[in-house]
Amino acid sequence: MDFYSSSSTNSRGIGEPCPADEPHVLAVDDNLVDRKLVERLLKKSSCKVTTAENGLRALEYLGLGSDQKHSTTGNGSKVNMIITDYCMPGMTGYELLKKIKESSILKDVPVVIMSSENIPTRIDQCMEEGAQMFMLKPLKHSDVKSLRCQLMQ
């Protein structure tokens with residue numbers, strides 16, 4: 001399977017709710033190095049992390065895949081935040097954001113967009129569509145600390 005889940009404490013079974021002190025973040029990036037960096041930074045901040053290598057895989061994980069269009073279940077309720085790269089093949093982070101915000105189940109899950117390009121119109125577009133934050137890559141530990149603060153609100 002293409003989903004990878006890791007946690008700072010791996011004693012919990014699959015599907016069990018995450019304690020408030022260990023939020024579950026879905027990290028989506030087509031670049032393996034960037035995905036691993038985000039995963040490592042989040043784990044250092046005591047987050048449970050599941051990774052997906054593209055938007056379609058993320059939608060499948062969340063229960064919004066093409067064969068699950070009308071699903072009322074899935075992993076969306078188990079995810080506290082989604083962080084995604086903007087520029088990915090097949091489905092951009094912006095398109096993923098739109099799909100998530102169109103879902104009655106997932107619309108309240110905060111979505112953070114990452115990009116290595118600082119393009120104001122792109123940033124504005126994502127924020128208008130409902131992104132919680134827009135962060136420039138590469139992410140740093142201080143960026144993840146601000147994400148953690150967003151999760152605790």
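The values are calculated or read from the model by the stated rules, or taken from the named source; none is laboratory data. This one's a predicted model, so the numbers in the text were calculated from it and none came from an experiment. Because the Cβ atoms are built from the backbone with ideal geometry, glycine has one as well, and the counts that use them run over all protein chains shown. These area figures cover heavy atoms from the full protein model, side chains too; ligands, DNA and RNA do not enter into them. Shrake-Rupley method; radii C 1.70, N 1.55, O 1.52, S 1.80 Å.
Being assigned to a loop (DSSP other than H, G, I, E, B) and open to solvent by less than 80 Å² (accessible area, probe 1.4 Å) is a property that ILE100 lacks.
Within segment 128-150, one or more residues are touching a Pro at 6+ places or on another chain (Cβ under 7 Å), in a helix (DSSP H, G or I), open to solvent by 30 Å² or more (accessible area, probe 1.4 Å) and under 20 Å from LYS43 (Cβ atoms).
Condition check ((1) at pLDDT below 95; (2) surrounded by 20 or more Cβ atoms within 10 Å (Cβ to Cβ)) across all residues:
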| site | (1), (2) |
| --- | --- |
| THR51 | no, yes |
| SER71 | yes, no |
| CYS87 | no, no |
| GLY93 | no, yes |
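Of the residues making up segment 111-127, those that are outside any helix (DSSP H, G or I) and open to solvent by less than 30 Å² (accessible area, probe 1.4 Å) are VAL111, VAL112, ILE113, MET114, SER115.
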